[in-house]
Amino acid sequence: MNYLTVENISKAYGERVLFENLSFGINKDQKIAFVAKNGTGKTSILNIIAGLDVADTGQVVSRKEIDIAYLAQKQNFDPNSTIEETIFSTENKILSVIKQYEKALENTEDAEAYQKAFELMDQYNAWDFETQYKQILSKLKLDNLELKIEKLSGGQKKRLGLAIVLIKKPDLLILDEPTNHLDLEMIEWLEAFFAKEKITLFMVTHDRYFLERVCNEIIELDEGKLYKYKGNYSYYLQNKEERRALEAVNLGKAKSLYKKELDWMRRQPKARTTKSKSRIDDFSAIKEKAHKRRNEHEVQLEINMERLGNKIVELHKLKKSFGDKVILDGFEYVFKKGERIGIIGKNGTGKSSFLNILTGTAPIDGGKVIVGETVKFGYYTQKGIHVKEGQKVIEVIKEFGEEIPLTKGRRISASQLLERFLFDKKKQYDFVEKLSGGEQKRLYLCAVLIQNPNFLILDEPTNDLDVVTLNVLENFLLDYPGNLMVVSHDRYFMDKIVDSLFVFRGEGIIENFPGNYSDFRTYEDSKTKEVTVAPKEVVEVVKTTNKGTLSYNEKREFGTLEKDIENLQKKKVIIEEQFANGSISAEDINDKSIELQKIIDEKETKEERWFELSMKLEG
């Protein structure tokens, strides 16, 4: 069933043409990702489909009575309303169904109206609406329903917008970067939600694991043309490479034919026959095809890095709190040359605060940060680039110099550097405020890198970057010889570029994990199974047999033992990891050894008591 058809739409701003004559359709149950470079009009296309903008040419035709919801990148809510008031003030079919049912209850004499309202409640699964929407809000960390919009951060507003469209359960859901401002736990929950729910999706996202696991079709806008791939992200990558290889073969054939026809043209007399005129027309078409070039530049980031000495950065017993909220509680670490560390953790656990402390842009409550004399930080923050009013793209880069040193003694002009960052000469003289969000991020990244840092720190660098730019950035970072620290919720990105992780657990607990994100997930899953498998087996035996009895106090004790054992196991693993990665200082080794032994002894004692009670319960 076709939900929506896009017919020959075009959009331009002045002389700048974003796209021309694009056509495609969205059918029921499709989960489509729209892929294109930054600045090619992805958000404009979503706005046109959602009815918030109008195409210069063409039209969008949707099925009658289809319910469409749109999650934009920026949310506009009444700042004086609460979270709950905002949810209930939106156009929501389920809410109108509930109101219709409540009205029918007040007038029970109209049996037909009551029956219709009852059936609608079933159709929209509205009976458990309150429970459902509170579960969604809880998963998105929006539990305080009385909190006013004016008190929310930009990320919280984006999550509220996501919650509203999920609660609405539309026929077609349009999403613009839905994973921005979500932590890894939220992203994985959203993946599972879309896998479970029967919902039609059309979205723009840079999260390639999300693309892989959620989408069943990808539409790519490349060089002004649309290419459709019926499959997930892996299928898209494979078939895109095959398409480009075929294009290269055809281009080679066209060049050979062009050369042959050029020789023929040079040998022809001035008088032309009808047959030769036809061949001349064909020659023009061949010439155009042979000289076609992909309007695409590969960024070659060969920026020269200043030498790193033996001492990089040392962190000694760092402490940091915001009121009662503990971010760091005696954290210690000594960075080694060339380390590539990713930082993961739930929102609010202090990841960005940690980076600010590391770079000296935020104070600490206790401890020391010792930075080596040769260390030069390059810090890419979530705040983005600070641009003066009326500043042009090239002027931003020229503030750092007319020329930039490259490796092997070479130099490159500011203009050439921008070209390598996919800004052509025309774009370089655009005002920065005219750039798309992704283009501004790319410019900011360029401005950070040209300062020749040897310790690069990136806080959510993948937000708003297109897949093409992400691949370019990854290739650079794989070759980057300095120290690298990255906060990102992009699991694909993290898997590709980091060797180890700092896992922010909250309450000041930071674990050092030796591996990338996928390694970490595998380890966490296996650890959970290790902790829970024995108790679950015995619980099943107890439920089956139920021969013995326990006193009231024994029942209470038995109920808490499983949780105690699980918590002790977690503490044991954390300390064992600290010993394994060498993050414990020499003076603390003895104390940590004693603490570990106490945990092991206590865990064994509780396990013995647990089995004792379970055997008694079996009789």
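Checking each residue in the range 162-211 for being basic (Lys, Arg), surrounded by fewer than 21 Cβ atoms within 10 Å (Cβ to Cβ) and out of contact with any strand residue (DSSP E or B) (no Cβ under 6 Å at 6 or more places or on another chain) picks out Lys169, Lys196, Lys198. When Asn125 is tested against (1) farther than 28 Å from Asp78 by Cα; (2) modelled with pLDDT under 80; (3) open to solvent by 90 Å² or more (accessible area, probe 1.4 Å), exactly one condition is not met: (3). Do we have any residue at all in the range 69-83 that's within 15 Å of Lys157 (Cβ to Cβ), assigned to a helix (DSSP H, G or I) and out of contact with any Gly (no Cβ under 9 Å at 6 or more places or on another chain)? So far as the range 69-83 goes, yes, one or more of its residues are within 15 Å of Lys157 (Cβ to Cβ), assigned to a helix (DSSP H, G or I) and out of contact with any Gly (no Cβ under 9 Å at 6 or more places or on another chain). Ala362 is checked against (1) crowded, with 18+ Cβ neighbours inside 10 Å; (2) closer than 20 Å to Glu460 by Cβ; (3) out of contact with any strand residue (DSSP E or B) (no Cβ under 7 Å at 6 or more places or on another chain); (4) modelled with pLDDT of 90 or more and fails just one. What number does that condition carry? Every listed condition holds for Ala362 apart from (1). Within the range 29-39, the presence of at least one residue that is closer than 27 Å to Thr131 by Cβ and either not in a strand (DSSP E or B) or not basic (Lys, Arg) (or both) is confirmed.
Exactly one residue among Leu120, Leu140 is surrounded by 12 or more Cβ atoms within 10 Å (Cβ to Cβ), of a type outside the set (D, E, K, R), in contact with a helix residue (DSSP H, G or I) (Cβ under 9 Å, 6 or more places away or on another chain) and closer than 19 Å to Leu71 by Cα, and that residue is Leu140.
When we screen Lys42, Lys28 for residues that are among the basic types (Lys, Arg), open to solvent by 50 Å² or more (accessible area, probe 1.4 Å) and under 18 Å from Leu172 (Cα atoms), the only hit is Lys28.
Please verify whether Glu185 is under 29 Å from Ile136 (Cβ atoms), out of contact with any His (no Cβ under 6 Å at 6 or more places or on another chain) and at pLDDT below 90, treating the condition exactly as stated. Spelling it out, Glu185 is indeed under 29 Å from Ile136 (Cβ atoms), out of contact with any His (no Cβ under 6 Å at 6 or more places or on another chain) and at pLDDT below 90. Scanning the range 1-16 for residues that are of a type in the set (Phe, Trp, Tyr) and loosely packed, with under 15 Cβ neighbours inside 10 Å yields one hit, Tyr13. Of the helices (runs of 4 or more DSSP H) lying entirely inside the range 427-524, those carrying at least 1 residues that are hydroxyl-bearing (Ser, Thr, Tyr), in contact with a Leu (Cβ under 9 Å, 6 or more places away or on another chain) and at pLDDT below 85 are 467-479. Number of residues in the range 381-395 that are buried (at least 18 other Cβ atoms within 10 Å of the Cβ) and within 27 Å of the chain's Cα centre (by Cα): the value is 4. Counting the residues of the range 303-323 that are in a strand (DSSP E or B) and modelled with pLDDT of 90 or more gives 10. Applying the condition of being part of a loop (DSSP other than H, G, I, E, B) and out of contact with any helix residue (DSSP H, G or I) (no Cβ under 6 Å at 6 or more places or on another chain) to the range 403-422 and asking which residue is surrounded by the fewest Cβ atoms within 10 Å (Cβ to Cβ) yields Arg410.
The values are calculated or read from the model by the stated rules, or taken from the named source; none is laboratory data. Computed from a prediction, not measured in an experiment: that's the story for all the values here. As a convention, Cβ positions derive from the backbone with ideal geometry for all residues, glycine included, and neighbour counts pool all protein chains shown. Note: areas computed on protein heavy atoms with side chains; ligands, DNA, RNA excluded. Shrake-Rupley method; radii C 1.70, N 1.55, O 1.52, S 1.80 Å.
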